[in-house]
Structure formats: structure tokens, C-alpha cells
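Some notes on the structure that comes next.
The values are calculated or read from the model by the stated rules, or taken from the named source; none is laboratory data. Because the structure is a prediction, the values reported are computed rather than measured. Cβ placement follows ideal geometry from the backbone for every residue including glycine, while neighbour counts extend to all protein chains displayed. Each accessible area value is taken on the protein alone, full model and side chains, heavy atoms only, with ligands, DNA and RNA left out. Shrake-Rupley method; radii C 1.70, N 1.55, O 1.52, S 1.80 Å.
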Amino acid sequence: MTSLIRKSLRGQRRVLLGWLLGLACYATIYSSFYGRFDEIAAAKFDAMPEAMRTAFGWSSGFSTGAGYLDAVIYSMIGPLLLIVFAIVLGNRGIARPEDGGQLDFYLANPISRNRFLTGRYLILAGGILAGAAVILIAVLSFAVTMDMGIGIANIIAATSGMALVALVFGTLAFAVGAATGRPGTVLGTAGAVVVAAYMCKVLSDLIDELSWLRWLSPFHYYTANQPLLHGLHPGHTLVLVALVTGLLAVSFVTFNRRDVGV
Amino acid sequence: MTPAVQTEGLTKYYGPHRGLEGVTLEVPTGEVFGFLGPNGAGKTTAIRLMLDFIRPTKGTVRLLGADPRRSGMAVRRRVGYLPGELRFEGPDRVEQFLAFLGSARGGVPRRRIVELADRFDLDLTHKIRTLSKGNKQKVGLVQAFMHEPDLLVLDEPTGGLDPLMQQEFQDLVRETRAAGQTIFMSSHVLAEVQQAADRVGIVRNGRLVAVERVESLGKRAIRTVQVHFDAPVPAEEFSGLHGISKLRIEGPVLHCTVDGRLDPLIKAAARHTVVDLISAEPDLEETFLSYYYEQEDARHD
């Protein structure tokens, strides 16, 4: 297993390093701007129409540390970046190498399909974990030095929630790849589901009659409890974990059943 | 003894498209079996079924006495496989790649890898991505042979190799056979199969149309003959002769193929003045084609 992971990692090295560097820059730059955000600018943001703030996921205003971090990182850009990273990794798990005819050299060995899937999935999970860790370190260092007034535990909770949402979509991409082996299908499906899920959340916030839509969106289970203020909601977190588990089960069942490399 | 490869009614459809139809075949341990056919005949499909990359629509396949699906791990530990199309993931150097495969198969001594790489004149320090087609093929061959598997399944093994390396491959096949290992290799190159194999199976349009020992194919001795006369000759004198086909007369030159003895043709030709006679070596391809035609004729009659 370790040799399989090491071998697979060599193939993903550049993607992983590039993304981790990018995420680190993003989190550092945005966190560090907190100091330059004077009250007037914050007030201007606060004066934006409610609907617009909702659409961008800025729920608690810019004037507090939690509101600021929520707006620039945790509510939209951060999760979306991490999700794109997760989908890239999910696609590279099975679909991309299979489409490139590269699976023969793995599966012709005494490596079971389950073992192969496990190894490939661990790289996806590890990549997201590393991405979240990079963001966490950047945010934490500024939150502490600039005294943003947020508990460390809540920053950890919000980052974990964000990582979990990314893992849901990354696992979706992985599962579609395991089931079909087609990168086009993976990217199409995952992209459509992300957009639909985000729209469900936004519409449910904006329109009262559509508030039930939020239950369909993984984003809701991450943001509803306002993790930067109140930490993670155990029930909601469990829903996300269940989604990941379910999608992973689909990966194993479908990949074992089908023809590979056709 | 359990056969190394055993298929029964092996059939694979890709949706409505036929990949393989009712192939029943047995390759005993220690044999070199050539699986011969034109592109798209179903050779790769059969091989991918053996390795459990794809699953049969109907029929069964057993490798080394076991089901490659249920006992996949145990089977593949004893199998060396060369894909027909070599695609490598990642920026590995040759030795990193071979080390990974070695460890996946429970460890291969480095000495063995170096020895094989030297034979094929393969530099282990190069990045695989930068290698030429022929050198990639060598990587594929080294990994297939390096763990000394009981059964080698090779899809178009000499593709991209230069003649010197093809000869090296033939030598390796002979040594492998002498060591008691079994080789199942597909090819559309008749010469390489003729040289290396004990038996040959011919596959066309997804069906196994013939299985023959290589020697007995040689005995059928179909050859092409040209007879040059000093003047044009009438075709009727030759057309009815035993064993003669594809008769064509161009002025004073007679072309034909002869199956079996040359005697009837020689006797008939002797009535005229013969300037020259050219008889080409028995050609396996002709022999195979005659197989095809016989099968087709038998079906149409």
C-alpha cells in the first residue's frame, strides 16, 4: 500500500504543490488585509443590499473579525477553491489515468481493485487535509497576531467544516470516476452539482418559500451553524460524513463490478 | 497437469459490438502459444479478459487453474503482463517504476532488474516519459519478465523494437520456455510467432478459427512458384494440375502457388523450354490464408 501511495503521489506532486502554494497565498493575503480594513470600508460593505450579501454568503457583516474572515474566506471563495482542488484530485484518482490507459500497470499486479481505490482515495483525502491545514495555519497566525477576537477552536471548526464540504464534492468526483472512468463525465457532473448545491443554499436564504431547498445543499450543513461563531453542529457534520461515506461506498461497488479501460 | 490458460466459450460484447465469440482454448504449462490475427480481431480483448480488466459476457477463463476474478490476487502474483499499449502515469524514472512494480509483486532482486535492463540495453536512470517507443517497450518487457512469473501474457511484445532487440526477445522467450514458464503472446507479425511459438491460434472477427502446431503448418508447404519459359505457354495445360492455385500467365512467365509436391507442375512445365524456375520459401501467411479460405469455403458449401 505504501509503495502504491508513493508511486501515485509522484504522479500528483506538481498538482499538489501548486495548489497548496496557491491556497497558502490566498489565505495569507486575505487574512492579512484585515488590518487595512478601516471602519469606513467595513461600513460600506455593511451597507450593501441584504440580498447581495446573502448571495455572496456574507451573513454577519465585515466589522468584526469573524464577519471579515467569513466574508473573504469561509463563506464562498475558500470553500469553492478547496472544492475545485478536491474535484481535480478526485478526477485524477481513477478517471484521468483510466482515460489515459494508465491503469493496466496497476491492476495487472497482485493489487486488488479495493486496495487500489483505497490508495488513490487516500491521496485525495490527504490533499484536502493538507489544503485545509495550509489555510488554517495562515488564518490562525493572523487571527492571533491581529487579535481578531475569534476563538482558535472556532477557526479550526470552520476550517474543518470547509474541508468536509470539499471532501464531499471530491468524493463525488472520485465516485463518478470509479463508476465511469470518464474525466468528461466526472468534471461535468461534479461542476453541475456544485453549482446546483450552491444555488440551493442561496435561493433558500433569499426566498422564504424555497427555504426547504437548503436541506439539499451540503453548503447548508457547513454554514448553518455559523461555525466561526458557534463551532460545528454535530448533526450537520454527521450528514456531511454520511455523504462522503455513501459516495465512497458507491465507488467501491461500481469499480469492482465494471470493465476497466474500455 | 493444470493448463496455464484455459477458456471455454469465452465471449465478450462491448454493447452491441462483438469483441470475442465463443473462444475455447487450452494452453498447457510450458508451452509458447502464439495468438495471431489482424488488428481488431479480438486478441487484446482475450488478454484483458484473462487479467480481469474486463469481464466475460459469456463463458469462462481460468489462468493457472484459478478464476482470475475470484482469485485475482493469487493469479496475478504468478503472471507477467505486457500491455499492447504502454502508458505510464507520472514522472517516474525507469528504476523507480520497476521498483514500484517489484514491491507490488512481493519483491524482485535488483540484480535481476539490472541483468534484464542490460540485455535490452535499457538505461534505468532515464525518465520514462522521455523514452522512445522502442525503449518504452523494453521497460514493458523487463517488468513482465523480471519476477520470473509462471505465465507471461504478452500483447504484441515486439512492437517498436529494432531487429537486434527482437532477436534478444526471441532468445529470452526460448530461455523462459526452457525454465518451464508458459508464454501466451499475441501478434500480427507472423515471423515472430513462427520463430518462437510451439502452437499458433488464429483469431479473426472475434473467433478462433484454427489452432495448429507451428511445424505442421510448415509441412503444408504452400509456396509461390514462378516458371520462366522461352515462349508463351497455354494456361489450360497447367490449370487442372493437382495442388496448383492462383494460376496467372503473363507472356512467357507462369505464376502460381503450389500446395504440397512440385512434381505435377515440373512434369507439365518440362514439355516446354524452361528458362528459369523460382520457388519461394513456404510462407506462413499464405498458409494461414489458405486456412481462412478453406474455412470460408467449407461454410459456404
Subset of region A:118-132 that is without any contact (Cβ under 8 Å) to a residue 60 or more places away in the chain and open to solvent by less than 40 Å² (accessible area, probe 1.4 Å) - its residue that is nearest to A:G11 (Cα to Cα): A:L124
Breaking point among (1) facing another protein chain (nearest Cβ under 9 Å); (2) within 13 Å of A:F105 (Cα to Cα), for B:V75: (2)
Residue list for region A:1-13, filter: more than 8 Å from chain B (Cβ to nearest Cβ) and either at pLDDT below 90 or surrounded by fewer than 16 Cβ atoms within 10 Å (Cβ to Cβ) (or both): A:M1, A:T2, A:I5
Qualifying residue in region A:100-110 (condition: within 11 Å of another protein chain (Cβ to nearest Cβ), touching a Ser or Thr at 6+ places or on another chain (Cβ under 9 Å) and of a type outside the set (V, I, T)): yes
Among (1) open to solvent by 10 Å² or more (accessible area, probe 1.4 Å); (2) at pLDDT 95 or above - the single one B:V153 does not satisfy: (1)
Subset of region B:104-119 (residues that are facing chain A (nearest Cβ under 8 Å) and part of a helix (DSSP H, G or I)): B:A104
Test result for B:G180, surrounded by fewer than 16 Cβ atoms within 10 Å (Cβ to Cβ), under 26 Å from B:L36 (Cα atoms) and either of a type in the set (V, I, T) or at pLDDT 90 or above (or both): yes
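Applying the selection to region A:30-60, what residues are open to solvent by less than 50 Å² (accessible area, probe 1.4 Å), at pLDDT 75 or above and farther than 20 Å from A:L140 by Cα?
Of everything in region A:30-60, just one residue is open to solvent by less than 50 Å² (accessible area, probe 1.4 Å), at pLDDT 75 or above and farther than 20 Å from A:L140 by Cα, namely A:M48.
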Conditions (1) touching an Asp or Glu at 6+ places or on another chain (Cβ under 9 Å); (2) surrounded by 22 or more Cβ atoms within 10 Å (Cβ to Cβ); (3) more than 12 Å from chain A (Cβ to nearest Cβ): number failed by B:V142: (1)
Residue ranges of helices (runs of 4 or more DSSP H) in region B:232-301 with at least 3 members at pLDDT below 90 and open to solvent by less than 50 Å² (accessible area, probe 1.4 Å): B:284-300
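Which residue out of B:L122, B:L101 is away from chain A (no Cβ under 14 Å), open to solvent by less than 40 Å² (accessible area, probe 1.4 Å) and not small (G, A, S)? Spell out how you get there, then give the answer.
On the way: B:L101 fails: away from chain A (no Cβ under 14 Å).
Only one candidate passes the filter, namely B:L122.
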